[in-house]
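The values are calculated or read from the model by the stated rules, or taken from the named source; none is laboratory data. Just so it is clear, the model here is predicted, and its values are computed rather than measured. Neighbour counts are summed over all protein chains in view; Cβ atoms, including those assigned to glycine, are modelled from backbone coordinates with ideal geometry.
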Amino acid sequence: MTTMGTTDESLRQDLARRGVHVTSLESLYNWGRAHSLWPLQFGLACCAIEMIAATMARHDLARFGAEVFRPSPRQADLMIVAGTVTKKMAPMVVRLYNQMANPKYVIAMGACAISGGPFREGYNVLRGIDRYLPVDLYIPGCPPRPEALLHGVIRLQELIRGEKLSGPGRSRAADPAVPGEYPIPNYGPAGLRPPFNPDLWQPPSDPDAAPDDGSDAVTPRETTA
Amino acid sequence: MRKLKQLPGVGLLKGMLVTGRNFFGSYRNPRRLVTVSYPEQRLLLPESSRNFPFLVYDGNDSVEGLRCVACKTCERECPSGAIRIVQARDENGRPAKHPERFEIGIDACMGCQICAEVCPFDAIKMDSDYEHAATGRTRPMVHNKLRLAKSNTYYHRIKPREAAEVDARLEMERFRKEEARRKREEAARMKKEAAAKAAAAKPEAPENS
Amino acid sequence: MTDPDRLLSLLEAGLPGSAGRVRRWTNPGPSGQDALLVDPDAALEVALFLRDHPELQLDYCSNVTGVDWLPREVTESVTTTETVGGETKEVTKKVTRTEPGYLEAVYHLYSVALRHGPVILRLRAAGREAPAPLPSLTPVWRSAEFQEREIFDLYGISFSGHPDLRRLLLWDEFEGHPMRKDYVAPDEDGLPAIETAAAKGEANR
Amino acid sequence: MNLTRAAPWPAGTAPFADPGETELLELSLGPQHPSTHGVFRMNALLDGETVVRLQPVFGYLHRNHEQLAERMSYLASMPFTDRLDYFCSLTNNWAYALTVEKLAGLEVPERAEYLRVILAELTRLQNHTVFLGFLLGDMGAWGSVLMYGFRQRDAVLDLFEALTGSRMMCDYLRFGGCRCDLPPGWAAAARLVVDSYPGFLDEMEQLLTENEILRARTMGIGGVEAKRLVNAGVSGPLLRAAGLSHDLRKVDRYGIYDRFSFRIPLGEKGDVYDRLMIRLLEMRESLNILDSALRDLPEGPVINPQAKLRNFRPPAGEAYGRIESPKGELGFYLISDQSPQPYRYRVRPPSLINLTLLEEMCVGAKIADVMVILGSIDIVLGEVDR
């Protein structure tokens, strides 16, 4: 089994067609994890309602094995930060993350969780949960449709299936150098102290710079002439 | 309603009946069979459905054909401050009527469609595409000009009724403008002719005197 | 029934001496919602009177809110008589003076029993300095309890007689009153990260 | 042998200390708790399981809505009102539009008034529908009722999306009317939804009203007499459950509500059971209103042609407007100084003020009932903290 990582892909597919399924321990493990994501039952604002809608009959998150919403962080392995994280709430969110067992994943759902969204100019709104927590997936939208959350969960499952458990580039949970807990910010006289976790996030050096200088490489100019 | 005149437990049974009807009904009754298996099946979104804005371009070139003239109305009116426009300048340094940079941060956009509502040129419209989940925050969450530009054909495909209205309106405007230009030219020509006639009738022009 | 003039005459009849302490405030806009400007010392008395008067029965305090009025420059023309060289004439001058700012609490009252309203009370604090005191109307209308706490939190009006005056929305360590017009939230991104729990080597849980 | 009462412990062998010597227990519920409906927190002081004191703690979703609104144009605040009570964006829109129209003296065309009534009543329907689900979830029936509610709610949200473009954040009303006219076929689709609702309500009533467990959990819990509710500013279904006929649709007759005939359901005791029933009955009345509004919907423009979209500057002055939102009395207070931004923008949140008497409702009840009482108040944190 340990050599399966080096088995070439075409041979594996060929065998699968003949009814012989060969897999590595790693991908079997990841396959199991990806299809039994237990999210933390934890909603902050508007996006939480769309998150609930995604678990309901029409969209049925259970089809992806992610319907077991656990009220206790100890039993959860996916935190969907759904809604505005205020400065008053942020320490609790970090504490909940710390209490979750490894391996754990964070989805920032909605504009507010990603960047503070439309409320980011305010005195009590955290400009993105990625200042304190390592976010695995961002789902923009205000709020994202339930399908967008499903799309995000599918993306996350792909990410988990592609994770390595050993060697360089291994997943965060398997890397002993990566902490499983992050410091909890404190209430200060005008906001949180520290305002961000410098290990996870740094303020952009030039906020006015074009965020996307190599943009042409991403989307080519369309000409059909 | 507050006093029950029945055996205890009957109310519970009635409730169970409802649950049972829902349970078994969800196998055959189309009213209770509502699940849409998302990646394979998709809900048919109504035409007005909106998520994030995009820029419309006419013709074949996604840069030259942009309807946007960089008037910055949407940038000023955007409630979440998600739009950033830098106006282009021509070779003489004068402001040109197209955007040099047009960026919409979809990490802050709340899809309220006010930009589309206030745009005087029908250049910015709302897309209904919602699959934007990404692992990064800076690059995938800021849509630049090239990513925002979508053809009028695309607009017609997602919103046929609205796009047809917009096209008719733009055509009308173009026609009116053309008409006005023609009239102006006509008037100028008439004036010129009248002046020429007057000059012919009065050969002793002032410069001679 | 809620015409301010009628209210004023009822007040004068029921509470002698209130004429000088309750004045009419005219709304310049088209909504026609005029208010009563109540002297803070008389506020509790007036509120009780309005609530219990059988003809008014303003038993429902719908909305309580604070307003921050910044100091503003007022330019007005003043006409004075001056004597210049034995000749008396009228001189009109433009005078600019600074009106001091103040904090205001606004109460919107309705009557559920008689179905009329709104009657609007405005209470003005003396200035904008930190403990801007005003009497609390929570003993009269319990609905003011959270709303006065919110005003205390966001505007810094301290309501005397409030049963539980604490910050409502922000945490206790917060300094300043962010709904004031001159509040500027410090830009935190430029700050160096100091006093992190990580720096002290403890991850509290 | 009497099974319901255990025989007393023999003297000197009681395993627990004397009940008189129990210690009071402080318990913090929330801000992360499955039944606090968001990030709400309560600090409870318990004597055994009985609540002695209970203090709500707010602010975990304080998003500076009012401050942001004072820094942006009147129009730009409209999408932010969607996010106050995120179940009822259209009634929030209406309350705000109504106040600005008072402030600026704008008239609304008749068709727009009808559309507003239709949308507000649909909003009330879907709000009360999910309310049932969440309240039952608080009682432990997590799942089925909520799922039935969301299934029915999706039908209404599809209507909202077809008209306004978004399921939850509609941003549809404009000062002086509505943003756009109905798309083709919308009225027929709405008629279908309205016609399917009584069947759903029948089912819900069969499921809930006679259920013995539900009755045991809800009857006689959380009741406060109407007079004190009025003094505490409580409004909406809570007030009507206590037997007081106070509905702004009848009291203020804003919009065109005087054209519709509907009844106001009233409760007897104001306990959780009454609050639940009031919502069920209110949905029936909303259906009546919808029925006649869809029938009488006139033709015409949907927005006042004098209304300006950009550079909107109302004359100096102030206005307070309120409507009967599904949660209670939703008010807006605006002061204009003729600039494009409001000088003061205030939301009178029914969810926050309805919580004023939460402690009185809960003291003496068991800790498990606190969640039920809180659920029956029907709060949304976006509106409580703003």
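Per the listing B:26, B:48, B:37, B:62, the residue uniquely more than 29 Å from residue D:168 (Cα to Cα) and of a type in the set (Ser, Thr, Tyr) is B:62. Against the conditions (1) part of a helix (DSSP H, G or I); (2) at pLDDT below 90; (3) within 7 Å of another protein chain (Cβ to nearest Cβ), residue D:72 satisfies every one except (1).
The strands (runs of 3 or more DSSP E) found entirely in the range D:291-386 that carry 1 or more residues being in contact (Cβ under 8 Å) with a residue 60 or more places away in the chain and surrounded by fewer than 24 Cβ atoms within 10 Å (Cβ to Cβ) are D:317-325, D:344-348. The residue list D:276, D:309, D:297, D:280 contains one member that is closer than 20 Å to residue D:253 by Cβ and more than 14 Å from chain C (Cβ to nearest Cβ), which is D:297.
Every residue, every condition in (1) surrounded by 14 or more Cβ atoms within 10 Å (Cβ to Cβ); (2) free of Cβ contacts under 8 Å to residues at least 40 places away in the same chain; (3) within 28 Å of residue D:202 (Cα to Cα), yes or no:
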residue: B:12; (1), (2), (3): yes, yes, yes
residue: B:48; (1), (2), (3): yes, no, no
residue: B:53; (1), (2), (3): yes, no, no
residue: B:56; (1), (2), (3): yes, no, no
residue: B:69; (1), (2), (3): yes, no, no
residue: B:72; (1), (2), (3): yes, yes, no
residue: B:78; (1), (2), (3): yes, yes, no
residue: B:81; (1), (2), (3): yes, yes, no
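Conditions tested, residue by residue: (1) facing chain B (nearest Cβ under 8 Å); (2) part of a helix (DSSP H, G or I); (3) buried (at least 22 other Cβ atoms within 10 Å of the Cβ).
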site	(1), (2), (3)
D:136	no, yes, yes
D:142	no, no, no
D:190	no, yes, yes
D:213	yes, yes, no
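Just so you know, in the range B:159-172 the residues that are in a helix (DSSP H, G or I) and within 12 Å of the chain's Cα centre (by Cα) include one that is nearest to residue B:47 (Cα to Cα), and it is B:162.
State whether the residues of the range C:73-93 include one that is touching a Gly at 6+ places or on another chain (Cβ under 6 Å) and either without any contact (Cβ under 8 Å) to a residue 60 or more places away in the chain or not in a strand (DSSP E or B) (or both). No - not one qualifying residue is present in the range C:73-93. Which residue pairs have Cβ atoms under 8 Å apart, sit 6 or more places apart or on different chains, and have a first residue in the range A:104-118 that is within 7 Å of chain B (Cβ to nearest Cβ) and a second that is among the hydroxyl-bearing types (Ser, Thr, Tyr)? Correct list of pairs: A:111/B:80; A:114/A:138; A:117/A:84; A:117/B:80; A:118/B:80. Of all residues in the range C:123-165, those being at the interface with chain D (Cβ under 10 Å from one of its Cβ atoms) and surrounded by fewer than 21 Cβ atoms within 10 Å (Cβ to Cβ) number 1. Among the residues of the range D:192-211, those identified as in a helix (DSSP H, G or I) and in contact (Cβ under 8 Å) with a residue 24 or more places away in the chain are D:193, D:194, D:196, D:197, D:198, D:200, D:201, D:203, D:204, D:205, D:207, D:208.
Checking each residue in the range B:10-39 for being in a loop (DSSP other than H, G, I, E, B) and more than 7 Å from every other protein chain (Cβ to nearest Cβ) picks out B:29, B:30, B:31, B:32, B:33. Of all residues in the range D:144-180, how many are farther than 16 Å from residue A:53 by Cβ, more than 9 Å from chain B (Cβ to nearest Cβ) and assigned to a loop (DSSP other than H, G, I, E, B)? Number of matching residues: 3. Only a single item in (1) under 21 Å from the mean Cα position of the chain (by Cα); (2) under 21 Å from residue A:89 (Cβ atoms) is not met by residue A:195, and it is number (1). Within the bounds of the range B:190-198, is there any residue that is in contact with a strand residue (DSSP E or B) (Cβ under 6 Å, 6 or more places away or on another chain) and either outside the structural domain of residue B:84 (by TED's automatic domain parsing) or more than 16 Å from residue B:47 (Cβ to Cβ) (or both)? The answer is no; no qualifying residue exists.
To keep it simple, each residue is scored yes or no on (1) within 14 Å of another protein chain (Cβ to nearest Cβ); (2) β-branched (Val, Ile, Thr).
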{"residue": "C:3", "(1), (2)": "no, no"}
{"residue": "C:24", "(1), (2)": "no, no"}
{"residue": "C:29", "(1), (2)": "yes, no"}
{"residue": "C:56", "(1), (2)": "no, no"}
{"residue": "C:64", "(1), (2)": "yes, yes"}
{"residue": "C:67", "(1), (2)": "yes, yes"}
{"residue": "C:71", "(1), (2)": "no, no"}
{"residue": "C:93", "(1), (2)": "no, no"}
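Meeting the requirement of 3 or more residues that are hydrophobic (A, V, I, L, M, F, W, C) and either buried (at least 18 other Cβ atoms within 10 Å of the Cβ) or at negative phi (or both), the helices (runs of 4 or more DSSP H) wholly within the range B:114-158 are B:114-118.
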